[in-house]
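Engineer: Following this message is one structure expressed as structure tokens.
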DNA sequence: GCACTATTTGGCAATATAGCCAAATAGCCA
DNA sequence: TGGCTATTTGGCTATATTGCCAAATAGTGC
């Protein structure tokens, strides 16, 4: 059932692993507005350049983003565009949970 | 930019963290067909019952699934139904990558 | 109550991830 | 070439996750 095509599930989970970090989530949402160089993302995140670079390589290896070098800078942009649809789904569910907790409290 | 609403991104990333494991991914897909008890999922996964139980609690805490106790058994079912749409997106992207690698090789 | 089954929880060792610093690499310009 | 900037890579420590076993909890039926 599971063990026979475990690698199949491992490949798929790589994408979710890539999105499973606040900094990487932020970057993907930022890239939704257009390509950004590493330096721009670094400034926005307030993390070390090397840390940001490693986060981006995680997203790249998962196939979520792609990169292009132009001069000194490396520009990243979204490749797996459909992941943007995830965020509204997740947000909606989180909002519903909050609403439900509130109505439980006030009941 | 990021540091000011870091907790916001942390909450969202919880959902992706929950999906970022092959066993949990398998369970969510299985639950798409209907509710399952822990024992059924344990049999399919070939993991220790305690391990499966912990995986399920991760999914529950993230709001992805919900549980209901009936007699001795605890039945889990999908709560965040929209996550099912993720899988086709991810699969489609992975397929495209494979196709692209193939065409690069044969070119 | 006792015995039995299903599930959860605590604890531990092995492994993976995140962040920083330092060093390496790559491209620009003089 | 050398100096400068942007990015990546290696290495390290701190922290988080995974999976097992053992023990605790909860529900059933005698």
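Engineer: Residue B:52: under 19 Å from residue A:92 (Cα atoms) and either surrounded by 15 or more Cβ atoms within 10 Å (Cβ to Cβ) or in contact with a strand residue (DSSP E or B) (Cβ under 9 Å, 6 or more places away or on another chain) (or both), yes or no?
Structural biologist: no
Engineer: Among the numbered criteria (1) surrounded by 12 or more Cβ atoms within 10 Å (Cβ to Cβ); (2) away from DNA strand C (no atom under 13 Å from the Cβ), which single criterion is violated by residue A:88?
Structural biologist: It fails just one condition, (1).
Engineer: Something else about it: Please go through region A:41-51 and give me each residue that is within 12 Å of another protein chain (Cβ to nearest Cβ) and near DNA strand C (Cβ under 8 Å from one of its atoms), ordered by number.
Structural biologist: Within region A:41-51, A:46, A:47 meet the criteria.
Engineer: If you don't mind, there's one more thing I want to ask. Quick check: is even one residue across region A:5-20 within 9 Å of DNA strand D (Cβ to nearest atom) and more than 30 Å from residue B:41 (Cβ to Cβ)?
Structural biologist: No, because not a single residue in region A:5-20 is within 9 Å of DNA strand D (Cβ to nearest atom) and more than 30 Å from residue B:41 (Cβ to Cβ).
Engineer: Where in region A:23-107 are the helices (runs of 4 or more DSSP H), entirely inside, with at least 2 residues that are modelled with pLDDT of 95 or more and within 14 Å of DNA strand D (Cβ to nearest atom)?
Structural biologist: Those helices (runs of 4 or more DSSP H) span A:38-45, A:49-61.
Engineer: While we're looking at this one, here's another question. Restricting attention to region A:8-22, which residues are touching a residue at least 12 places away in the same chain (Cβ under 8 Å) and at the interface with another protein chain (Cβ under 7 Å from one of its Cβ atoms)? Step through it out loud before you land on a result.
Structural biologist: The initial filter retains those residues of region A:8-22 that are touching a residue at least 12 places away in the same chain (Cβ under 8 Å), namely A:14-15, A:17-19, A:21.
Once the filter is applied, which keeps residues that are touching a residue at least 12 places away in the same chain (Cβ under 8 Å) and at the interface with another protein chain (Cβ under 7 Å from one of its Cβ atoms), region A:8-22 yields A:15, A:17, A:19, A:21.
Engineer: Residues A:30, A:68: which one is in contact with a strand residue (DSSP E or B) (Cβ under 7 Å, 6 or more places away or on another chain), away from every other protein chain (no Cβ under 14 Å) and more than 21 Å from residue B:20 (Cα to Cα)?
Structural biologist: Numbers: A:30 fails: away from every other protein chain (no Cβ under 14 Å).
Going through A:30, A:68 in turn, the sole match is A:68.
The values are calculated or read from the model by the stated rules, or taken from the named source; none is laboratory data. Keep in mind it's a predicted model, so treat the numbers as computed, not measured. We place every Cβ from the backbone using ideal geometry, glycine too, and count neighbours over all the protein chains shown.
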